[in-house]
Amino acid sequence: MVAVVKLPESRTYNRQECITFRKTAERFGGLSNMAGGYILNINGVKILTSEALYQACRFPHMPEVQRLIIAERSPMTAKMKSKPYRDNSRSDWDIVRTKIMRWCLQVKLIQNWDKFSKLLLETGDLPIVEDSRKDDFWGAKPEDEEFLTGANVLGRLLMQVREQIASGKLTSETIVQPLPIQDFLLYGQDISPIVASGEYYPGSYMRSLDLIKSGSQPSSDVDLLSISKHELERDEEGRSNENLEKELVEIAEFKFDKYDSLQFVLLPIVEKLQESEHTDKELAKLFTTNLKQMRDWLKRAVELGKVRKLSKPVRYVAESQLPLI
Ligand SMILES: Nc1nc(O)c(N)c(N[C@@H]2O[C@H](COP(=O)(O)O)[C@@H](O)[C@H]2O)n1
């Protein structure tokens, strides 16, 4: 069955009554996805522009293509890199691309709060329009000196985000949740909730992700406990309730500060280290993050008394070696 995608209606804008942008060096050029200076961090991966992020989202099933796009310094080249593979974009691309673009803009905002919120608010309540020579879906094309016509979807999304800032719905503290769509992946990993600092909650930690997807946010040990209870009820892998009870207790026994967002990160790392010891490099690779970030997490886990650092060679092991399963 072929899905029919309804295209948004086209509008005509009077240039004099709008904020328009075409080149990134212009007064409002920072609104463009091509603008530099708005660095993003998704799952511990540094991404230079929202354009590169948006294009990478086409290919959750082709991590090697995502890497090619993200490795590019120039946003335009990142877009060009996606061109040869476009026919292999995720099959529901036309249905999800607008949602993905909104999510990309929210991520750009949260991780560049001061600069991007200021720029958006400086547009007042004027219509925002991407002035594009050839794209009347994301932007609007000039009719003449005065008028532009197009669906201007990017401009409309920017106006929505502006409204969300003004109403306080989006703040610098907001956690941008991953979209509830199939295969929302970066380099084969579920995309994790996004926070301003770029701190990464590994997507492999399905218990917290399940909870997030179900609409509530884990905020304390109690919530983590209830996730495990949930798992207890729906375990289909033949794991005995007794062992799962043990896991429940193990997880509950972590005494993280309730506001310590690291709780989502450290639990899966400690779980991994309960299976066997690992070096920091191995862990960084396993959790697809950089070495410095992994060392910071391990330092915190050691401080919390959950992980022991062994020497010669340096490696890590969980303090509690009790098997979880
Ligand atoms: N080719 C091109 N040149 C520019 O200067 C642009 N601003 C854009 N537009 C941006 O391209 C993205 C959409 O890409 P798809 O065509 O959907 O792959 C989006 O960020 C537009 O704002 N394109």
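Working only within the stretch 91-120, note down all residues that are surrounded by fewer than 17 Cβ atoms within 10 Å (Cβ to Cβ) and in a helix (DSSP H, G or I).
Matches in the stretch 91-120: 93, 94, 95, 99, 114, 115, 118.
Select, from 51, 64, 72, the only residue that is free of Cβ contacts under 8 Å to residues at least 60 places away in the same chain, within 16 Å of residue 190 (Cα to Cα) and either away from the ligand (no atom under 11 Å from the Cβ) or open to solvent by 10 Å² or more (accessible area, probe 1.4 Å) (or both).
Unique residue meeting the criteria: 64.
Is one or more of the residues making up the stretch 129-148 without any contact (Cβ under 8 Å) to a residue 24 or more places away in the chain, more than 12 Å from the ligand (Cβ to nearest atom) and under 22 Å from residue 53 (Cβ atoms)?
No, every residue in the stretch 129-148 fails to be without any contact (Cβ under 8 Å) to a residue 24 or more places away in the chain, more than 12 Å from the ligand (Cβ to nearest atom) and under 22 Å from residue 53 (Cβ atoms).
Is the stretch 172-190 home to any residue that is in contact with a Gly (Cβ under 8 Å, 6 or more places away or on another chain), at pLDDT 55 or above and assigned to a helix (DSSP H, G or I)?
No.
Hey, can you tell me all the residues within the stretch 31-48 that are in contact (Cβ under 8 Å) with a residue 60 or more places away in the chain, out of contact with any strand residue (DSSP E or B) (no Cβ under 8 Å at 6 or more places or on another chain) and either open to solvent by less than 10 Å² (accessible area, probe 1.4 Å) or near the ligand (Cβ under 10 Å from one of its atoms) (or both)?
Scanning the stretch 31-48 gives a single hit, 33.
Run down 123, 77 and say which single residue is away from the ligand (no atom under 12 Å from the Cβ) and either surrounded by 13 or more Cβ atoms within 10 Å (Cβ to Cβ) or not in a loop (DSSP other than H, G, I, E, B) (or both).
Values: 77 fails: away from the ligand (no atom under 12 Å from the Cβ).
When all the criteria are applied, what remains is 123.
If a residue has to be on the phi > 0 side of the Ramachandran plot and surrounded by fewer than 20 Cβ atoms within 10 Å (Cβ to Cβ) to count, how many in the stretch 144-181 make the cut?
Result for the stretch 144-181: 1.
Counting just the residues of the stretch 156-169 that are in contact (Cβ under 8 Å) with a residue 40 or more places away in the chain, under 21 Å from the mean Cα position of the chain (by Cα) and more than 11 Å from residue 102 (Cβ to Cβ), which one comes out farthest from the ligand (Cβ to nearest atom)?
The extreme case among them is 165.
The values are calculated or read from the model by the stated rules, or taken from the named source; none is laboratory data. These numbers were taken from a predicted model, which means no experiment stands behind them. Using ideal geometry, Cβ is built from the backbone for each residue, glycine included, and neighbour counts are taken over all protein chains shown. The area values use the complete protein model at the heavy-atom level, side chains included, leaving out ligands, DNA and RNA. Shrake-Rupley method; radii C 1.70, N 1.55, O 1.52, S 1.80 Å.
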